[in-house]
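Working notes, beginning with the structure itself.
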Amino acid sequence: MRVGISLAAASATLALLAFTSPASAVDAFEVIKDGIPKPLTSTPGSAARGKALLQQKKQANCLECHRTKELPGGKRAPALDGIALGKTAAQLRLSVVDFSMVKPGKIMPVFHNVRGEEPPRLNAQEVEDVVAFLLTLRQSPRTGVVQEEGQPAKP
């Protein structure tokens with residue numbers, strides 16, 4: 001009986017360690033051309049949760065450098081208004097995961113670290129939530145025209 005309890009306790013401990021280890025905290029993804037076409041989770045992202053994440057100073061802290069018309073923030077990086085114009089979810093996903101893969105040499109934190117250098121700032125679901133919010137930013141800051149999803153960018 002004691003052996004059974006010990007084995008069960010050991011199994012539970014190992015399962016907990018595997019679930020919380022940094023290696024399991026980052027979900028694998030594949031970069032194809034200029035994006036990550038496959039969502040990192042089976043649960044669709046929530047634009048409302050993504051917007052809340054942008055505003056948090058803990059994890060994403062996007063507004064330290066970026067801003068939108070309705071969300072004041074920093075000026076060290078471009079405004080996010082219209083960021084989804086002519087971009088796919090795959091392109092935005094790669095930008096959120098690791099912007100250095102989009103534009104090497106540009107300074108922006110890695111949010112879903114796969115290199116193992118540090119724990120990810122955003123888990124896979126949070127990445128999908130931020131992407132869902134960014135996809136709502138389809139209004140041109142210059143003309144005010146809203147581009148429908150899937151339409152090519154206008155020159």
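Just need a number here: residues in region 92-110 that are open to solvent by less than 50 Å² (accessible area, probe 1.4 Å) and at pLDDT 85 or above.
9
Got a sec? Which of Gly73, Gly116 is open to solvent by 40 Å² or more (accessible area, probe 1.4 Å) and at pLDDT below 95? If you could, list the steps in order and put the result at the bottom.
Details: Gly73 fails: open to solvent by 40 Å² or more (accessible area, probe 1.4 Å).
On inspection, the qualifying residue turns out to be Gly116.
Would you please name the residue that is most open to solvent (accessible area, probe 1.4 Å), looking only at residues in region 119-129 that are more than 10 Å from Gly50 (Cα to Cα) and touching a Phe, Trp or Tyr at 6+ places or on another chain (Cβ under 9 Å)? Give the steps one after another, and end with the answer.
So in region 119-129, the residues more than 10 Å from Gly50 (Cα to Cα) come out as 119-124.
Next cut, touching a Phe, Trp or Tyr at 6+ places or on another chain (Cβ under 9 Å) only: 120-122, 124.
On the way: Pro120: 30, Arg121: 94, Leu122: 3, Ala124: 5 Å².
The extreme case among them is Arg121.
So, in region 56-70, how many residues would count as being modelled with pLDDT under 90, touching a helix residue (DSSP H, G or I) at 6+ places or on another chain (Cβ under 9 Å) and not polar (S, T, N, Q)?
2
Output the number of the condition that Ala132 fails; it satisfies all remaining conditions of (1) at pLDDT 80 or above; (2) open to solvent by less than 80 Å² (accessible area, probe 1.4 Å); (3) part of a loop (DSSP other than H, G, I, E, B); (4) touching a helix residue (DSSP H, G or I) at 6+ places or on another chain (Cβ under 7 Å).
So Ala132 meets the others, but not (3).
The values are calculated or read from the model by the stated rules, or taken from the named source; none is laboratory data. What you see is a predicted model; the values in this text were computed from it and never measured. A quick note on method: Cβ atoms are made from the backbone with ideal geometry, for glycine too, and the neighbour counts reach across all protein chains shown. The accessibility values were calculated without ligands, DNA or RNA, using every heavy atom of the protein model including side chains. Shrake-Rupley method; radii C 1.70, N 1.55, O 1.52, S 1.80 Å.
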